[in-house]
Structure formats: structure tokens, C-alpha cells
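I have placed the structure first, in the form of C-alpha cells, so that the comments after it can refer back to it.
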Amino acid sequence: MALPTLTGPANKGQRKSNQEAFLALPGVQDKIDAMSKKFGVPSSEVLQLIEKETGGSYSAGQQNFEGGGARGLIQFLGDKKKGGGVETYKTIKGKKYEISDIANMDELGQLDLVETFLQEGLDNAGQTKYKPGELSLAVAAPA
């Protein structure tokens, strides 16, 4: 079951309710806990990242509120085109994922992709763990 998307950021009460619904989805809490352990950050940091990127919807189908092409739990955006613009796909660990396919994944499936994306960031940096506070940077400015 996918969570509903929003047209604007959720208020405080909605964010709490949406987070509870997100964590109640089968396997999601276990996946968040496993990612936390794997990446060396508290589960709360993983959840804060998802809350920030989805505007509090916690929905795998969430579209960027400004009308951009970004979608999902960490607002996946297509690869940059040579000469400007954005592709319809995102390359993660050498595999191309259509943004529309990412948006149609359920939350648990998309969490697997989030994990792969975050692991690629560590691999590219020659690190094994993130430092507290680095997840948002890994998503906002992957290097």
C-alpha cells in the first residue's frame, strides 16, 4: 500500500500521523533500523531525511512541490543532461531507473533504492559509514 502524496508540505500533526502510517507499513521499520545500523546514523536521522524530502508525506510517490521532476522518499531527480536539463532516468550504481518507475514503487521497495543510493555515496567517498548529519548532504549534494 502506497501512502498518499501531498500538494504542499504537511503540518506538524499530519507529519506525525504520516510518519506513524509509514512506519506501520510491513517491513518499513525493520528497513529503517537496518539502514541506520549499516550507515552508522540514528534511525531518527533516516526518518528526518525522508520527512524533509517528502514535505512530511513519507510517500514514495511524492512529487516535488515546486513542480520539478524530483520524486520519492529522497526526491530522486534524473541525471543531468550534457548541455543542461535533466534526463528521465536516474543512474544508481550503474543501473538506470526511470523516474516514473521510481515514483510507482511502494515505500519498502523505494527504501531499497534509497539504501543503494546512499551506499553508492559512501563507496564514491571511500567511506564505510556516514557521520551524524551527513545523510541530508549526501542527498542534497552527492559528490
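The values are calculated or read from the model by the stated rules, or taken from the named source; none is laboratory data. Quick caveat, the model's predicted, so the values are computed rather than measured. Please note that ligands, DNA and RNA were not included when accessible areas were found on the heavy atoms of the full protein model with its side chains. Shrake-Rupley method; radii C 1.70, N 1.55, O 1.52, S 1.80 Å.
For this structure, a couple of remarks:
- Hits among aspartates and glutamates - C-alpha to C-alpha of Lys37 under 20 Å, sequence gap 8 or more where chains match: Glu45, Glu51, Glu107, Asp112, Glu115, Glu120, Asp123, Glu134
- Among Ala24, Ala70, Ala103: highest mean-square fluctuation, GNM of the chain, C-alpha pairs under 10 Å: Ala24
- With a threshold of 24 Å on the Cα-Cα distance, the over-threshold entries among Lys52/Lys129; Lys93/Lys129; Lys31/Lys52; Lys38/Lys93; Lys16/Lys90 are Lys16/Lys90.
- Close amide H pairs (under 5 Å, H built 1.01 Å from N) link Ile92 with Tyr97, residues at least 5 positions away or on another chain.
- Å² per residue, accessible surface of segment 60-143 at 1.4 Å: 54 Å²
- The chain: relative contact order as a whole-number percent, Cα under 8 Å and 6+ apart: 24 percent
- Computed over protein heavy atoms with a 1.4 Å probe, the carbon and sulfur contribution to the accessible area of the chain reaches 52%.
- Residues with amide H under 5 Å from that of Val86, placed H, sequence gap 5 or more: Lys81
- Our note on the geometry: Cα centres of segment 76-90 and segment 22-72, 22 Å apart.
- For the chain, the extents of the C-alpha atoms along the principal axes are 42, 34, 23 Å, listed from largest to smallest.
- Taking each DSSP H run with n ≥ 4 as -39500 (n - 2.57) and averaging over every residue of the chain yields -14500 deg cm²/dmol at 222 nm.
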